[in-house]
Structure formats: C-alpha cells, structure tokens
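Asker: This is the structure I want to talk about, given as structure tokens.
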Amino acid sequence: MWFTKLIYLTCGILALWVLNEGIHSFLKKRQSLLFVAFLFYGIGIGFLNLFLVLGLFNSLPHYLLVGFKCSQILLIPLLYVHLKKKKAKLKGLDDKIKIDLFHFYIPLGLMMLLAFLAHVDLGSYERSFYYTMFVLMGLYIVVYGYFVLRQLDNLLSQSRLDWNKALSGDSIVLWEVYLVLFLGLLYFKELVVGGYINLVCRSCGVWEFQWLNSIMWTIAFTFILKNRYIFSEHCIGKKHRVRIGLASPDSFWTLKNLKRINNKQDRALQERIRPRLSEYIAMLGHYCSTTTDFRDPDIKLNDIAHQLGMPSSHLVYLMKYHCCLTFTELKHLVQIRDALRYIENGYLNSNTLESLALDVGYKSYNPFFSSFKNLLKVSPNEYVSYMETDILDNGPQPVLTWKKQHDTTMA
C-alpha cells in the first residue's frame with residue numbers, strides 16, 4: 001500500500017514540475033499544440049494521483065473521471081495532424097496546410113457519449129455497452145496508429161534519418177519518435193487492461209490499475225525533465241550541434257584570372273585594369289560584405305559600378321574573370337547573409353519569414369526559400385528551429401554550394 005502511494009505521490013510531484021516547465025515554455029511561445037495536449041493529459045494524471053494520496057479521489061464526479069480517462073484518445077489525431085504539418089513545414093508549405101477537424105470527430109463523439117452515459121443507469125446493458133465502446137476505441141487506435149506510423153516514417157525519410165539514427169543520442173532526434181513509442185505502449189496497456197476487465201475480471205474497476213499508469217507517466221515525466229529541449233516546437237536532439245554558415249563574399253574574389261581570356265576586348269580591359277586590380281578586389285570584397293544595396297530586388301551591375309565609382313565595363317570584367325560566382329549567385333549569397341543577420345537580431349519575434357524575404361531583396365517567398373535551402377542545406381524553418389533549441393553552431397563554410405570549378409591558368 002505504501003509503495004502504491006509513493007508511486008502516486010512521485011508522479012504527482014513530477015507533474016507539478018513539468019507543469020511549471022510547460023508554463024515557462026508557453027510564455028516563450030515555443031511549444032507545439034500536440035505537446036501541450038500531451039502535458040495536459042499527463043499533468044491531469046498526476047493531479048489524480050495526488051487526489052488518491054490525499055483520499056479525495058472518491059469526491060470527484062464519476063462522469064468527469066470517465067471523460068478524462070477517455071480523453072487520451074485525442075492524442076492520436078493530434079499526433080497525426082502534428083506530423084502532417086511538420087512534414088509540410090520542412091517543405092516550406094506549412095502555411096498551406098489546414099487542420100482537418102474531421103480527424104477529431106470520432107474520438108470526441110466517443111468521449112462525449114461515455115461522459116454522458118457514465119452517470120446513467122444502463123441496467124443489464126451496461127457491460128455490453130462498455131464492451132462495445134472498448135472494441136470501437138481499440139479499432140480506432142489500431143487504424144490511426146497505422147496512419148501515424150506512416151506519417152512518422154515519411155518524416156524520418158524526409159529528414160534523412162532512419163529509426164536507429166532518430167533514437168541515437170549522437171544524431172538529430174525527433175521527439176515525436178519517443179512520443180509515438182510511449183503512446184504505443186500506453187495504448188497497448190489500455191487495450192490489455194480493458195480486455196482483462198471486459199473479458200476476465202468483470203468486477204474490477206478501471207482505476208484499480210492506476211498504479212500502472214502512474215509508473216509509465218513517472219518515466220515519461222523524468223525523460224521530459226531530463227531533456228527539456230523537447231519543449232521547443234521544432235525540437236531536435238540537444239547532443240547534436242549543427243554547423244551552418246556561409247563563406248564571406250570577399251572570399252570569392254581573387255587576383256588570379258579564373259579562366260583564359262580569348263577575345264581582344266577583354267585583353268584590352270585587362271591592361272587597363274591591371275594597375276588597379278588589387279584596389280578593385282579589396283573594394284569589391286568590402287562592398288559585398290557590408291552593403292545593403294542588394295535589398296533592392298532590381299539592382300544591376302551598373303548600379304553597383306556607379307556606387308563604387310568604377311566603369312561598368314570594369315566591373316563586368318571583374319565578375320567574369322576574378323569572381324567564383326555569377327552576379328545572380330553573388331546577389332543571393334549577400335541577401336541570405338543579410339537574412340541571417342536579421343534572424344539573429346530577433347527579426348522573427350515580430351515578423352514573418354515572408355516579410356523577411358521581401359526586406360532582404362526578394363520579390364516573393366518561394367525564391368528566397370530556394371536560395372536559402374540551396375546555400376545552407378536547410379530550410380528557413382529548420383534554421384530557426386536550430387536557433388530555438390540552441391544547437392546551432394554558426395561558422396563560415398569553406399565551400400559554397402554554387403562554387404564552380406574554373407581554369408586558373410593565367411592569361
């Protein structure tokens with residue numbers, strides 16, 4: 001008896017602790033709807049345990065207890081919708097995904113029916129009724145469990161992970177994997193207990209097995225408190241630090257000719273530019289690293305040449321023979337670097353990624369998303385999630401996606 005009360009008390013105290021962490025996370029607006037619902041149910045279990053310890057459990061209305069007991073089934077459609085939205089978010093389509101409320105109609109209907117009939121005398125039909133409801137809930141859990149596993153498997157594939165890597169502490173961890181495993185175990189336990197009560201021990205009450213529930217939730221709360229990074233909406237493993245960065249634009253300018261000069265006009269320009277080549281390269285490197293002119297989506301080479309006080313033909317020559325990037329590639333590089341500075345300075349606290357795309361010089365979000373993904377190998381949403389979970393290791397990358405192979409033979 002004392003051991004059971006100790007389990008209830010431990011689970012209740014951990015629930016209060018997790019509630020405090022959940023409120024802190026909510027105030028920072030970092031939590032997901034699924035995780036809030038998960039905590040709500042788990043914390044509810046913890047409070048019920050405290051009522052059991054204090055001897056107040058029997059004072060709670062029976063229909064309220066039955067409704068709460070069945071409410072855990074809502075975690076299944078929530079998990080399905082969450083995985084669907086997260087998959088879309090990785091593709092940059094999160095704003096186009098709407099929550100399908102019909103996923104919640106069946107569990108809500110079953111909950112309301114059970115809560116209503118919990119205080120109604122069904123006479124000799126009571127056992128048959130609850131047995132039928134148990135079978136319906138079991139079928140619902142099995143069917144939606146299959147859909148959830150399919151969504152999770154697709155999400156892991158899209159994130160270039162398998163189940164082993166997802167559960168490894170040395171790689172990116174999707175907390176949804178742990179949640180699926182925990183809920184799978186929880187629902188398996190519910191189906192076994194429900195089957196035992198309906199088929200074997202008809203005199204047993206559902207709450208007689210609350211100690212088993214408490215042990216499972218105590219383990220879950222302990223894991224949550226040990227790995228608090230999962231309070232983030234886009235959380236990934238805290239042990240894995242991701243190095244993401246861009247090479248400075250001045251590193252793509254060189255004094256050497258990057259390809260052979262084959263026409264007379266360019267040879268003539270080479271002779272005129274040679275005395276000022278070092279000055280030009282230094283000027284261009286500094287300009288690309290500090291300018292905000294690329295926030296103008298219609299900026300041209302002529303505009304930059306005018307800004308730097310050099311002939312347009314000279315700048316065209318320098319882009320052609322002394323820069324590793326084309327003008328379009330250089331423009332995207334500078335714009336994305338500008339976007340990273342905006343993000344690091346808290347721009348997204350009061351603005352959206354769509355407005356960020358416009359502010360750094362893109363005419364719409366789609367080309368911004370493509371450039372961001374091509375350069376950094378992660379989407380804007382993924383980059384933001386890395387920052388939120390404090391696993392981002394910013395630093396310059398020695399190689400850029402668009403960097404080309406050139407003939408470095410001097411003319």
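Asker: Any idea what diffusion coefficient the range 245-394 gets from Stokes-Einstein, in µm²/s, Kirkwood Rh on alpha carbon pairs, 10 °C, 1.306 mPa s?
Answerer: Once the numbers are plugged in, D ends up at 95 µm²/s.
Asker: Quickly work out the TYR146-to-SER313 label distance, labels modelled 7 Å from Cα along the C-beta direction, and quote it in nm with one decimal.
Answerer: 7.3 nm
Asker: How do 307-314, 335-342, 148-155 rank on mean C-beta neighbours within 10 Å, highest first?
Answerer: For the peptides 307-314, 335-342, 148-155, the packing ranking is 335-342, 148-155, 307-314.
Asker: Now, a different point. What does the charge add up to near MET310, with Lys and Arg as +1, Asp and Glu as -1, over the other residues with Cβ less than 10 Å from its Cβ? Don't jump to the answer; show the numbers that get you there.
Answerer: On the way: positive: ARG276; negative: GLU279.
After counting each charged neighbour, the total is 0.
Asker: Additional query: Describe numerically, in nm with one decimal, the distance between label points set 7 Å from Cα along Cα→Cβ at HIS306 and at LEU139.
Answerer: 7.3 nm
Asker: State which entries of LYS259/LYS331; LYS264/LYS373; LYS256/LYS363; LYS85/LYS363; LYS84/LYS300; LYS87/LYS363 exceed 31 angstrom in Cα-Cα distance in the structure shown.
Answerer: From the list (LYS259/LYS331; LYS264/LYS373; LYS256/LYS363; LYS85/LYS363; LYS84/LYS300; LYS87/LYS363), the Cα-Cα distance tops 31 Å for LYS264/LYS373; LYS256/LYS363; LYS84/LYS300.
Asker: What ranking, highest mean first, results for peptides 281-292, 257-268, 351-362 when packing means the other Cβ atoms within 10 Å averaged over each residue?
Answerer: Result, highest mean first: 351-362, 281-292, 257-268.
Asker: Let me ask something additional. For HIS322, HIS332, HIS306, what ranking results if the residue with the fewest other Cβ atoms within 10 Å of its Cβ goes first?
Answerer: On the way: HIS322 19, HIS332 23, HIS306 13.
Ordered from fewest to most neighbouring Cβ atoms within 10 Å, HIS322, HIS332, HIS306 come out as HIS306, HIS322, HIS332.
The numbers here are math on the coordinates, done by the rules we state, and not lab data. Bear in mind that the values here come from a model prediction, so they are computed numbers and not experimental data. When we count neighbours, we look across all protein chains shown, and the Cβ atoms used for this are built from the backbone with ideal geometry, even at glycine.
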